[in-house]
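Below is one structure, written out as structure tokens; the observations come after it.
The values are calculated or read from the model by the stated rules, or taken from the named source; none is laboratory data. Here the structure is a predicted model, which means the values were calculated and not measured. With ideal geometry, Cβ positions are generated from the backbone for all residues, glycine too; neighbour counts draw on all protein chains shown.
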Amino acid sequence: MRFLILLITGLLLCNQQGYAANAIEMGNDFYKQCQNFREKSDNLFYGYCVGYIRGFLERTNLDSLIIATLYRKEDPNFCLQPKIPSSVTDDQAVDIVIDYLKAHAKERHIAVPIIVNVALSEAFPCPK
């Protein structure tokens, strides 16, 4: 089931980025640009890091609604990861992704949308 969720999310994200397939950023670049985003001395990088994650969260919420509407089949346990509480701030979500990249350096060559999805899914799994 987890594989199916990651596959669907990956396909939806690739579709979103399809027009700029060569512009998908890898984890190494995102980590380099965003590891010190809290310093805010460079408003451009702060805005980029927070904006990227905010866009991801908005798209994930939309995709979750669409998929839940189409495929839920009245299952009360249906959950599409990540299940991010509305109280999570943008800065907190960026912290989670940066912490994940710091702890998983061997995965930084992977595309950022996949890394963000995995990091947030681990931080906010579906309730059991």
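Quick one: is Tyr71 among the hydroxyl-bearing types (Ser, Thr, Tyr), surrounded by 11 or more Cβ atoms within 10 Å (Cβ to Cβ) and modelled with pLDDT under 70?
Numbers: among the hydroxyl-bearing types (Ser, Thr, Tyr): yes; surrounded by 11 or more Cβ atoms within 10 Å (Cβ to Cβ): yes; modelled with pLDDT under 70: yes.
So Tyr71 passes the test.
Please find, among Tyr46, Tyr52, Tyr19, the residue that is among the aromatic types (Phe, Trp, Tyr), outside any loop (DSSP other than H, G, I, E, B) and at pLDDT below 60.
Details: Tyr46 fails: at pLDDT below 60; Tyr52 fails: at pLDDT below 60.
Answer to the selection: Tyr19.
Are any residues in the range 96-128 of a type outside the set (A, V, I, L, M), free of Cβ contacts under 8 Å to residues at least 24 places away in the same chain and either surrounded by 15 or more Cβ atoms within 10 Å (Cβ to Cβ) or closer than 21 Å to Asn36 by Cβ (or both), and if so, which ones?
If the condition is that a residue be of a type outside the set (A, V, I, L, M), free of Cβ contacts under 8 Å to residues at least 24 places away in the same chain and either surrounded by 15 or more Cβ atoms within 10 Å (Cβ to Cβ) or closer than 21 Å to Asn36 by Cβ (or both), then Asp99, Tyr100, His104 are the ones that fit.
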